[in-house]
Every structure is written in C-alpha cells, then in structure tokens.
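*Asks:* Got a structure for you, written out below as structure tokens; questions coming shortly.
The values are calculated or read from the model by the stated rules, or taken from the named source; none is laboratory data. Predicted model only: the values in this text are computed from it and were never measured. We place every Cβ from the backbone using ideal geometry, glycine too, and count neighbours over all the protein chains shown.
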C-alpha cells in the first residue's frame, strides 16, 4: 500500500515518483508514432468469375493473421452465376462500395482482385478516378483480354475459341462479362466494333472518359501484376501482365504493345517512376493463386502497407 506522508522525505519521494512517471509518459508519447506507423491500411478483395467471397477467405485470413488489426472487406456482390453480368454493371456497383470504404479510411486503402475480379478492380480505378487506392494487386487477371475457353466450358460446353467470336461479338454475347473482355486476335475489327468494355478501359477507343481512365491508374502508389506460365486458364497467361497475342498468335510483351508504348492508360508513367511491378511465378495453376499461402506471403503482403 502506498502511504503519503507530510514529511519532506515523503514529498521528495512523491516528486521523484512524479518525475519518473513524466519520463515514462514522455517516452510513451515519443514511441506512439512508431506504433501508429505499423497500423495497416484497409484492404478490399474482389473474387473471380463463378465464385464468391468464400473463395478469397484464405487471403483474407492470412492478411489478418500476418498484419493484425487490418480491416479486410471481402466483396460479396456478383457471386456465382451473377458474376457473368456485364462488366460495367459490376464496375458501377462494386466501385460504389470501394468509394464508400475509401471515404471511411481517408488515409487510403489497398485493392486486390483475382481473375476476372482483377480486371473489374482495374476498371473501377479508372471509372472512379477520385478513389484513394494506394496499391492495386492484380492476381492472374485477363488485363489484356482472354482468348481461351477452358473455364468457359462450365457454362458454354460446346464453345471453341476459333468460333467463340460469333457469340461474344454480338448483342447477346456482350451481355456477359466474359464477352466484354473476349479479345480475338484474328477478328480485331469485330472486337473494336462490338466489345463494350475492354477497348474502352484500355483507351483503345477514345471517349469523354479517356483522360479520367488514365488518371485513375497514374495516381496509384503501386500496381502489382502477378501471373505465371502454368496458369492454364488466362490465355495467353501474359495477359495478366498486359501482354497479348498479335494476329499470328505470337505473344507481344507489355512493353512492346501500344498500350504501354503510347502510355494509353498510364502503364509507362507508372513504370518510369518505379510504381509498376510484375511477378512471374511458375508452377501455379489458375485455381491455386488465391489459395496458396506462399503466394500471399511472398507477393501480396509485401505491398500491403
């Protein structure tokens, strides 16, 4: 029990106690900014086609485990069959959610999208250029388009890529998300005439939003593009890093394509300032990227500030 006496010795002890407390409090205040600096920014996750938020749970839980206190928002919209709704519809609704989350975290947020979700996320950044996303991670996403039908057989069992354009480059086909980013290198005229989504977000077609679409990308602190040669679904796999086929089905790497050379959406600007990062990871299939702890630890967590 602490007794307080009226003696001078007691007063000296009390003054000493108060001095020690003052020093401790001052030291704590000095240390406080260091603790504050370790508070991680909120993260938004967007799932892929024909799945839902449950498919992103491993990433969500790993982030919270390794970065305690991180607020993770795992998108529940457009799960299952509704993920085939047109891309612009999904961009508008999920984008509204991201802007609302960003408003709640004015210090900035981070954004990650897997597969189709990565393309949705990128388009959201462009459609909502006032966003406060700092780092954007695209995990095995068809950023330059898709020209493979492996996963499409789940809902189009008779579809082959050579004739898929007949469906996707039509009014009916453009009512599907996949049709919106189907990019047939042998029918580019039809792609530009019919596709209502990818040519616009890639600024291959000029609109009143062209400048905004570039601003929404160049304001990022980092864009991280992750993909690999054993993906098996994103075709070509280099599309995950803005590479794509030419008319001869030879893959042209991102830095040799117009979208980069002409800086159509700001990729070259990001790269010039060291803000564009690519990671090529072999041995990972498309359905493993978001369920592999090592991928999260090695290629995702380092970018979540």
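Table: residues versus (1) part of a helix (DSSP H, G or I); (2) within 28 Å of the chain's Cα centre (by Cα).
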site: 161; (1), (2): no, yes
site: 166; (1), (2): yes, no
site: 171; (1), (2): no, no
site: 179; (1), (2): yes, yes
site: 185; (1), (2): no, yes
site: 190; (1), (2): yes, no
site: 200; (1), (2): yes, yes
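*Asks:* Working only within the range 125-158, note down all residues that are under 23 Å from residue 40 (Cα atoms) and without any contact (Cβ under 8 Å) to a residue 40 or more places away in the chain.
*Replies:* 130, 132 - these are the residues of the range 125-158 that are under 23 Å from residue 40 (Cα atoms) and without any contact (Cβ under 8 Å) to a residue 40 or more places away in the chain.
*Asks:* Exactly one of these conditions fails for residue 289: (1) exposed (fewer than 13 other Cβ atoms within 10 Å of the Cβ); (2) within 23 Å of residue 182 (Cβ to Cβ). Give me its number.
*Replies:* Unmet condition: (1).
*Asks:* Please go through the range 248-283 and give me each residue that is assigned to a loop (DSSP other than H, G, I, E, B), in contact (Cβ under 8 Å) with a residue 60 or more places away in the chain and crowded, with 16+ Cβ neighbours inside 10 Å, ordered by number.
*Replies:* Matches in the range 248-283: 257, 264, 265.
*Asks:* Taking the options 296, 280, 261, 215, name whichever one is touching a strand residue (DSSP E or B) at 6+ places or on another chain (Cβ under 7 Å) and assigned by TED's automatic domain parsing to the domain that holds residue 52.
*Replies:* Of the residues listed, the single one that is touching a strand residue (DSSP E or B) at 6+ places or on another chain (Cβ under 7 Å) and assigned by TED's automatic domain parsing to the domain that holds residue 52 is 280.
*Asks:* Then there's this: Sort out which residues of the range 135-159 are modelled with pLDDT of 95 or more and not in a loop (DSSP other than H, G, I, E, B), and write them in order of number.
*Replies:* Those that are modelled with pLDDT of 95 or more and not in a loop (DSSP other than H, G, I, E, B): 135, 136, 137, 138, 139, 146.
Residues are listed down the side, and each one gets a yes or a no for (1) in contact with a strand residue (DSSP E or B) (Cβ under 7 Å, 6 or more places away or on another chain); (2) farther than 16 Å from residue 91 by Cβ:
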| residue | (1), (2) |
| --- | --- |
| 188 | no, yes |
| 199 | no, no |
| 204 | no, yes |
| 207 | no, no |
| 219 | no, yes |
| 222 | yes, yes |
| 228 | yes, yes |
| 237 | yes, yes |
| 241 | yes, yes |
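*Asks:* Do we have residue 211 as modelled with pLDDT of 95 or more and loosely packed, with under 15 Cβ neighbours inside 10 Å here?
*Replies:* Here the answer is yes, as residue 211 does meet what is asked.
*Asks:* Checking residue 248 against (1) touching a helix residue (DSSP H, G or I) at 6+ places or on another chain (Cβ under 9 Å); (2) under 17 Å from residue 185 (Cβ atoms), which test does it fail?
*Replies:* Unmet for residue 248, out of (1) touching a helix residue (DSSP H, G or I) at 6+ places or on another chain (Cβ under 9 Å); (2) under 17 Å from residue 185 (Cβ atoms): (1).
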